[in-house]
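The values are calculated or read from the model by the stated rules, or taken from the named source; none is laboratory data. Just so you know, these numbers come straight off a predicted model, no measurement behind them. With ideal geometry, Cβ positions are generated from the backbone for all residues, glycine too; neighbour counts draw on all protein chains shown. All accessible areas refer to the heavy atoms of the entire protein, side chains included, with ligands and DNA or RNA removed. Shrake-Rupley method; radii C 1.70, N 1.55, O 1.52, S 1.80 Å.
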Amino acid sequence: MEVTPKTDHNLIKILSEEVSNQIAAGEVVERPSSVVKELVENSIDANATEIIVDIQNSGRSLKITDNGQGISPEQAELAFRRFATSKLRTESDLWSLSTMGFRGEALASIASIAKVEMKTRRRQDDQGTKINIHGSNTIGIEPVGVSYGTSINIDELFYNTPARLKFLKSDSTEVNHIIESMQTFALCHSNISFSVINKSREVIRTNGANSKIEDVVRILYGKEVSDNIINVDYENSYGRVTGVVSTQKYSRGDKNKQIFFINNRWVKIPFIHKMLDEIYTDLLPSHRHPFAVLKIEIPPNEIDINVHPTKKEVRFHSYSSVYELVYRGIINCLYPKRNDNDDNSGIVYLDNPHLDTNSTIKESSANYAGNVQPVYPDRNNDNQKLNSDYNPSRYTTPPKEGTYQVQQFSFYDELRSYKHQEENREDLESIKPIGRIYEIYIIGYLGNDLCFIDQHLAHERYLYEQLELDVKSTQELLTTIMIQLTDSEWDNYSQNKDIFEQYGYEIQEFGNKTIIVRAIPSVLEVGEAENVFRNVLVEMINEEGRKKALDKFTHLKKTIACKAAIKAGKHLDMEEIKILVKNWAKTRQPYTCPHGRPVIYRLPKNDIDKHFNRTW
């Protein structure tokens with residue numbers, strides 16, 4: 001049998017430096033913004049205090065100029081060799097990195113797919129060096145008169161890789177990627193002056209020097225954002241977190257402006273996005289998200305940054321330590337007045353691969369419960385007035401350990417350990433109701449100002465927090481309710497029996513997908529029991545991606561509170577209005593309902609006077 005001889009392309013060969021550089025460029029240089037990122041990081045590592053990025057031709061032509069340390073004439077050409085770096089010597093250095101770059105691939109990769117000219121000078125040198133490289137080939141190197149620092153011109157990016165060029169997006173998209181990249185640098189390094197010029201027009205200019213992060217936020221995102229942020233600054237034995245987060249007065253429809261840095265490096269940290277959603281779950285409306293810029297500083301040996309070609313992702317040695325650091329930093333900033341007790345008993349560290357979700361979490365809500373004097377309506381008689389008689393021991397007796405197993409999935413046991421006495425919180429208990437309009441809005445005086453309170457949302461907030469304090473409170477039904485479930489409802493009920501039991505439902509299975517409800521949560525009206533039950537089941541079924549138990553518990557509380565709350569259009573007399581306002585005013589978070597909608601609107605007397613041109 002004749003054997004076919006091997007051809008050249010069946011043989012294993014070592015790739016040329018030009019080809020290997022272009023392969024590396026495919027990983028490091030995705031688009032023009034990738035070039036900007038790599039070169040600006042080099043400028044930061046060179047201790048520059050001023051960095052200018054000039055964009056032309058939608059990023060295919062770039063000029064990055066800094067006033068950093070510069071490069072000596074002897075090393076200018078070496079800087080463009082692959083794996084040539086001044087930031088790394090041994091393998092152990094990978095675990096103690098303090099610089100932005102370290103691999104020594106960026107300049108070589110960029111020079112392999114563009115025409116590059118670099119001018120550089122150190123402060124101690126009389127003259128600088130100019131080097132031109134086209135597609136990894138050195139065209140020339142010569143002395144040049146130039147100010148200290150480094151200036152790199154990139155022309156005809158991707159000129160020799162047309163396949164990569166055709167995958168670029170529109171001109172505006174590519175420019176926006178560059179601007180967004182520069183915004184993250186400015187937020188992280190507020191002490192550096194950044195300037196971005198596009199088509200000869202300056203689009204970003206930060207001051208550097210002694211600027212603070214809130215100054216940069218105002219420059220980049222405007223007054224609306226900067227007026228509604230608060231500072232985060234928290235430190236423990238593991239590390240430190242600083243930055244800003246938004247108040248409930250500002251939110252976004254996406255998470256694009258939740259920006260995180262680890263040791264001054266912008267990275268993606270999915271579990272912190274989730275943490276923010278949980279912390280703000282009843283501060284913001286559904287599908288709204290807070291603004292956040294957080295700088296996390298931890299020991300370099302606690303992270304592995306060499307897990308992604310562009311270093312956008314990192315691996316943590318201790319996820320739980322990072323989680324606790326950031327979580328406490330945000331909570332301390334949102335709720336500055338807190339108890340002396342600073343233990344970790346209420347915290348659950350999500351996305352921690354070592355988390356034992358079956359562990360018992362001690363309930364820590366008793367401190368807050370003693371401050372509340374709730375007034376429950378008699379839910380069995382809708383025509384009866386709201387009953388102001390209550391049993392304080394019902395809410396102040398500490399629960400038995402393990403009683404509130406639901407809390408192992410919730411942030412609220414930690415949140416409730418704080419004394420929520422914000423310095424700027426108005427004395428809402430001083431509101432004097434005077435009536436209602438449109439059968440839904442309660443009108444009252446708050447000092448000299450008028451205020452409008454949504455009766456449904458106020459009652460919903462109150463009931464939600466009662467569920468938080470006493471999830472096991474039930475009312476037995478004089479007449480049981482029989483409910484026939486559909487196939488999907490039955491399947492979902494079977495998977496989530498424990499959730500309903502935790503919130504006061506006593507349910508008996510009757511066979512043939514039928515259940516008998518013998519008791520319901522005490523905050524719920526008998527007439528709403530079946531409706532609420534079915535609504536929760538349907539919404540659980542429709543939850544995208546089958547959300548975790550944490551979301552199911554929270555969602556159940558919100559649904560029960562919403563369905564049990566006084567409806568718009570229901571008549572209330574003045575006594576009922578006063579009791580409702582009193583109960584609502586004592587809640588932990590009175591300004592929003594559990595879904596994040598505003599409960600109260602305040603109309604200052606000064607605004608009314610201005611409308612009538614009154615000056616006295």
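Among the residues of the stretch 171-194, those identified as free of Cβ contacts under 8 Å to residues at least 40 places away in the same chain and either open to solvent by less than 50 Å² (accessible area, probe 1.4 Å) or part of a loop (DSSP other than H, G, I, E, B) (or both) are 173, 179, 183, 186, 190. Restricting attention to the stretch 276-309, the residues that are at pLDDT 90 or above and among the hydrophobic types (A, V, I, L, M, F, W, C) add up to 7. Scanning the stretch 301-315 finds no residues that are in contact with a strand residue (DSSP E or B) (Cβ under 6 Å, 6 or more places away or on another chain), open to solvent by less than 10 Å² (accessible area, probe 1.4 Å) and not small (Gly, Ala, Ser).
Checked against (1) of a type outside the set (D, E, K, R); (2) modelled with pLDDT of 85 or more; (3) over 16 Å from residue 37 (Cα atoms); (4) out of contact with any Pro (no Cβ under 8 Å at 6 or more places or on another chain), residue 110 passes all but condition (3). Output the residues belonging to the stretch 208-231 that are of a type in the set (S, T, N, Q) and in contact with a helix residue (DSSP H, G or I) (Cβ under 7 Å, 6 or more places away or on another chain). Of everything in the stretch 208-231, those that are of a type in the set (S, T, N, Q) and in contact with a helix residue (DSSP H, G or I) (Cβ under 7 Å, 6 or more places away or on another chain) turn out to be 226, 231. Filtering 244, 225 for residues that are part of a strand (DSSP E or B) and out of contact with any Gly (no Cβ under 7 Å at 6 or more places or on another chain) leaves a single hit, 244. With the structure loaded, tell me whether residue 225 is free of Cβ contacts under 8 Å to residues at least 40 places away in the same chain and buried (at least 18 other Cβ atoms within 10 Å of the Cβ) or whether it fails that test. It is false that residue 225 is free of Cβ contacts under 8 Å to residues at least 40 places away in the same chain and buried (at least 18 other Cβ atoms within 10 Å of the Cβ). Counting residues in the stretch 138-158 that are under 16 Å from residue 37 (Cβ atoms) and without any contact (Cβ under 8 Å) to a residue 24 or more places away in the chain gives zero. So which residues in the stretch 27-53 are open to solvent by 30 Å² or more (accessible area, probe 1.4 Å) and either of a type in the set (A, V, I, L, M) or at pLDDT below 60 (or both), if there are any at all? Within the stretch 27-53, 27, 52 meet the criteria.
Just one of (1) within 18 Å of residue 564 (Cα to Cα); (2) not in a strand (DSSP E or B) fails for residue 520. It is (2). Of all residues in the stretch 264-300, those satisfying the criterion of being surrounded by 20 or more Cβ atoms within 10 Å (Cβ to Cβ) and assigned to a loop (DSSP other than H, G, I, E, B) are 269, 280, 281, 282, 284, 290, 291.
Yes/no per residue for (1) more than 30 Å from residue 334 (Cα to Cα); (2) at pLDDT 90 or above:
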{"residue": "427", "(1), (2)": "no, no"}
{"residue": "444", "(1), (2)": "no, yes"}
{"residue": "467", "(1), (2)": "no, no"}
{"residue": "476", "(1), (2)": "yes, no"}
{"residue": "529", "(1), (2)": "yes, no"}
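Note on the stretch 138-159: among residues that are within 19 Å of residue 75 (Cβ to Cβ), in contact with a helix residue (DSSP H, G or I) (Cβ under 9 Å, 6 or more places away or on another chain) and not hydrophobic (A, V, I, L, M, F, W, C), the one that is least open to solvent (accessible area, probe 1.4 Å) is 149.
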